[in-house]
Amino acid sequence: MDGILCVLKPPGMTSHDVVDVVRRLVGIRRVGHTGTLDPGAAGVLVCCVGRATRLSEFLMDADKEYRVELRLGMSTSTGDAYGELLPPADAEQAARPVSRAALDQALRQFTGEIMQIPPMVSAIHHGGTRLYQLARRGEVVERDARKVSIYRIDVLRASEDGRTVLLHVSCGKGTYIRTLCADVGDVLGVGGYAHFMIRTRAGQFELEDAWTLEELAAAQARDALAEALASMDRAVTHLPAVDLPDRSVTDVLHGHPVPLWKLGDARVSDDSPVRLRSRQGTLIALARIEDGALRPFKVLAGPGGGSVAHRTRPR
């Protein structure tokens, strides 16, 4: 079984917990996710199965979108609803309403490329140990700020006093939404945290594509997990594609390059990997241009050129 499972992660589970469940359902260990989602958060968790794990590096860099409820007027030790409430530096200031103008002005400071300090509860390594493991031991260490990209922050609605705000955030890889909420609260001088969060998109996959663990278990019980499996080709549609003649498919399966002159009018670029597909649309390999040829560096199809058959999810 090879392909992509778009899972709707429930709150309360770690991303690794979800991977363990998927491994049991599909019956193989070769499963991995393409971007950690906080245990308290819900939403899209893209899991690669079988040969599709070789595509993980191309999916981890994907842009993401979130819905998050920002609570202003208080802060927590973790930046989300699962941490301890922290006493405000100025209780009177923290209790004041937040105007829409002040909120909009604060949010504008966090769009574009910004520097962000990862939270102690993140999965980043520090001296060989993940930060969240240090946090569980009560340790706090210095973390270097990292450059992240936030493309857009939309206010979907706000309470009358401006202290409860629903945001939609579109961002690049490595952005911590809980840190964004805490930082916005600090700029406003009232404190803030992410009360709840749901990832609505990761790369090509959106909430509408996601299957709950219960749905996957039901599909497995009726021997229909293939219904939930997206093709490897769909996962990397952001890469240019070349459909190969049958003879070239055989060459690629054996790791041989395909001379560019054989591709006719196909247009490829030197600065991007290329999807090599059969004429039936099956992803055969990823390749790069080298010495006037497309040289495969990841062969993804089976020995006979086969891959998973993708079926549309029943609605």
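Quick notes
- Within the range 276-295, the set of residues being surrounded by 22 or more Cβ atoms within 10 Å (Cβ to Cβ) and farther than 17 Å from His238 by Cα comprises just one member, Leu294.
- Tabulated pairs, the range 233-254, first of a type in the set (Lys, Arg), second surrounded by fewer than 19 Cβ atoms within 10 Å (Cβ to Cβ), C-beta under 7 angstrom, 6+ apart or interchain: Arg234/Gln204
- Positions within the range 10-57 being more than 18 Å from Ala226 (Cβ to Cβ) and touching a His at 6+ places or on another chain (Cβ under 9 Å), in sequence order: Ser15, His16, Val18, Val19, His33, Thr36, Leu45, Ser56
- Of the helices (runs of 4 or more DSSP H) lying entirely inside the range 208-260, those carrying at least 2 residues that are closer than 19 Å to Gly32 by Cα and within 18 Å of the chain's Cα centre (by Cα) are 232-235.
- Answer from Arg163, Arg201, Arg178, Arg157 - the residue that is free of Cβ contacts under 8 Å to residues at least 60 places away in the same chain and more than 16 Å from Arg108 (Cβ to Cβ): Arg157
- Check on Ala202, crowded, with 23+ Cβ neighbours inside 10 Å, within 23 Å of Val26 (Cα to Cα) and at pLDDT 95 or above: yes
- Filtered by the rule that a residue be closer than 20 Å to Pro119 by Cβ, among the hydrophobic types (A, V, I, L, M, F, W, C) and either touching a Cys at 6+ places or on another chain (Cβ under 9 Å) or open to solvent by 10 Å² or more (accessible area, probe 1.4 Å) (or both), the range 166-189 gives Leu167, Ile177, Leu180, Ala182, Val187, Leu188.
- Annotation note: of Tyr132, Tyr151, the sole residue that is within 23 Å of the chain's Cα centre (by Cα) and open to solvent by 80 Å² or more (accessible area, probe 1.4 Å) is Tyr151.
- The range 84-125: number of residues that are open to solvent by 60 Å² or more (accessible area, probe 1.4 Å), closer than 25 Å to Ala145 by Cα and of a type in the set (A, V, I, L, M, F, W, C): 5
- When the range 11-31 is filtered for residues that are open to solvent by 20 Å² or more (accessible area, probe 1.4 Å) and without any contact (Cβ under 8 Å) to a residue 40 or more places away in the chain, the ones remaining, listed by number, are Gly12, Met13, Thr14, His16, Asp17, Asp20, Arg23, Arg24, Gly27, Ile28, Arg29, Arg30.
The values are calculated or read from the model by the stated rules, or taken from the named source; none is laboratory data. Not measured: the values here are computed from a predicted model. Glycine also receives a Cβ, built like all others from the backbone with ideal geometry; neighbour counts cover every protein chain displayed. What goes into the accessible areas is simple: the full protein's heavy atoms, side chains included, and nothing from ligands, DNA or RNA. Shrake-Rupley method; radii C 1.70, N 1.55, O 1.52, S 1.80 Å.
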